[in-house]
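This report concerns only the one structure given below.
Only the coordinates and a few stated rules stand behind these numbers; no lab work does. This one's a predicted model, so the numbers in the text were calculated from it and none came from an experiment. When we count neighbours, we look across all protein chains shown, and the Cβ atoms used for this are built from the backbone with ideal geometry, even at glycine.
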Amino acid sequence: MYYPIKIPRWLQSFFPNYIWRGKTEANSKRLYLTFDDGPIPEITPWVLEQLRAYDAKATFFCVGENVQKNQAIYQQIIAEGHQVGNHTFKHLNGWSTTKADYLDNVAACGEQVDSLLFRPPYGRLKWGQAKALRANYKMVLWEILAGDFDASISGEQCWQNVCKNATDGSIVVLHDSQKSWKHLSYVLPKLLEYYHNKGFTFEVISTK
C-alpha cells in the first residue's frame, strides 16, 4: 500500500483552497492532531483520556453514522474542548460517488456534526464535489499521515512516520477506529509525551 507520509510544501501550494497546515506563531511550537472515522466506543474515550493527561486538544473528523450511534461520546468530545469536523455520513470515497450522492451524504453528516470543517475520506474528491463543498466548508487535508490504518507496517514504523516528519504547524492524521487501534494505542502515548517534552502544545484546527 503506497501513500505519502509527508505532503511536501510545493505540492500543498498547488491546492491553496485546502488547509494543509495549522497556524503557527513565533516563540511557540504547535502540533495539530486529527482523528478520523469515530466516534467509536472504548477507542474514542481512550483517546480523550490520553489527550486529557497532556491538556492536549485535537480535531475529530466524525463519520455521521458513528455519531448517530454514539451520541454520548460525540458530546464528550465537544465538552472536553475539542473541535469536530464533517467526514461524510458513511465514509464515502468521492472518486467512486456521484456529485449528488456525495453532497447528500455530507449534508446527512451535517445533521449530526455541527461544524464548518470538512475532510474527505481517503482525501479523495472530484473537482465538482470540492467546488460545491467549499461554499459552506473549510476543506481540511493534512501534512503528515501516520499510517496507523496500515496493517503491513509495525507500530514502531507508524511512530517513526510521525516523529521524523511532524514539525511546528503540522496537521497529523490518526484514526480512532477499530482498524487502527493496534497502532494507535502504541503511537499516541509516545507522540504526546515526545512532543510535550519538546515544548509543543496540541491545538485544534480553527473554523475561522
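Points to keep in mind about this one:
- Taking segment 171-208 as the range and being over 17 Å from Leu51 (Cβ atoms) and polar (S, T, N, Q) as the test, the residues that pass are Gln178, Ser206, Thr207.
- Scope segment 71-95; condition polar (S, T, N, Q) and out of contact with any strand residue (DSSP E or B) (no Cβ under 9 Å at 6 or more places or on another chain); matching residues: Gln71, Gln75, Gln76, Asn93
- Looking across segment 154-208, just one residue is of a type in the set (Lys, Arg), in a helix (DSSP H, G or I) and loosely packed, with under 15 Cβ neighbours inside 10 Å, and that is Lys182.
- Members of segment 91-131 that are surrounded by fewer than 16 Cβ atoms within 10 Å (Cβ to Cβ), without any contact (Cβ under 8 Å) to a residue 40 or more places away in the chain and either in a loop (DSSP other than H, G, I, E, B) or among the acidic types (Asp, Glu) (or both): Asn93, Thr98, Asp101, Asp104, Asp114, Arg124
- Filtered residue count, segment 12-28, keeping only those that are under 15 Å from Val140 (Cα atoms) and under 19 Å from the mean Cα position of the chain (by Cα): 10
- Qualifying residue in segment 93-115 (condition: under 16 Å from the mean Cα position of the chain (by Cα) and of a type in the set (Lys, Arg)): no
- Among residues of segment 19-65, those that are among the polar types (S, T, N, Q), in contact with a His (Cβ under 9 Å, 6 or more places away or on another chain) and not in a strand (DSSP E or B), counted: 0
- Segment 138-149 - residue that is out of contact with any Ser or Thr (no Cβ under 8 Å at 6 or more places or on another chain) and within 20 Å of Val204 (Cβ to Cβ) and, of those, surrounded by the fewest Cβ atoms within 10 Å (Cβ to Cβ): Met139
- Scanning segment 64-77 for residues that are surrounded by 15 or more Cβ atoms within 10 Å (Cβ to Cβ) and over 15 Å from Gly110 (Cα atoms) yields Asn70, Ile73, Gln76, Ile77.
A quick yes/no check of all residues on (1) surrounded by 18 or more Cβ atoms within 10 Å (Cβ to Cβ); (2) under 21 Å from Tyr186 (Cβ atoms); (3) touching a helix residue (DSSP H, G or I) at 6+ places or on another chain (Cβ under 8 Å); (4) charged (D, E, K, R):
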{"site": "Tyr3", "(1), (2), (3), (4)": "no, yes, no, no"}
{"site": "Ser13", "(1), (2), (3), (4)": "no, no, no, no"}
{"site": "Lys23", "(1), (2), (3), (4)": "no, no, no, yes"}
{"site": "Asn27", "(1), (2), (3), (4)": "no, no, no, no"}
{"site": "Trp46", "(1), (2), (3), (4)": "no, yes, yes, no"}
{"site": "Phe61", "(1), (2), (3), (4)": "yes, no, no, no"}
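- Positions within segment 132-144 being assigned to a loop (DSSP other than H, G, I, E, B) and without any contact (Cβ under 8 Å) to a residue 40 or more places away in the chain, in sequence order: Ala135, Asn136
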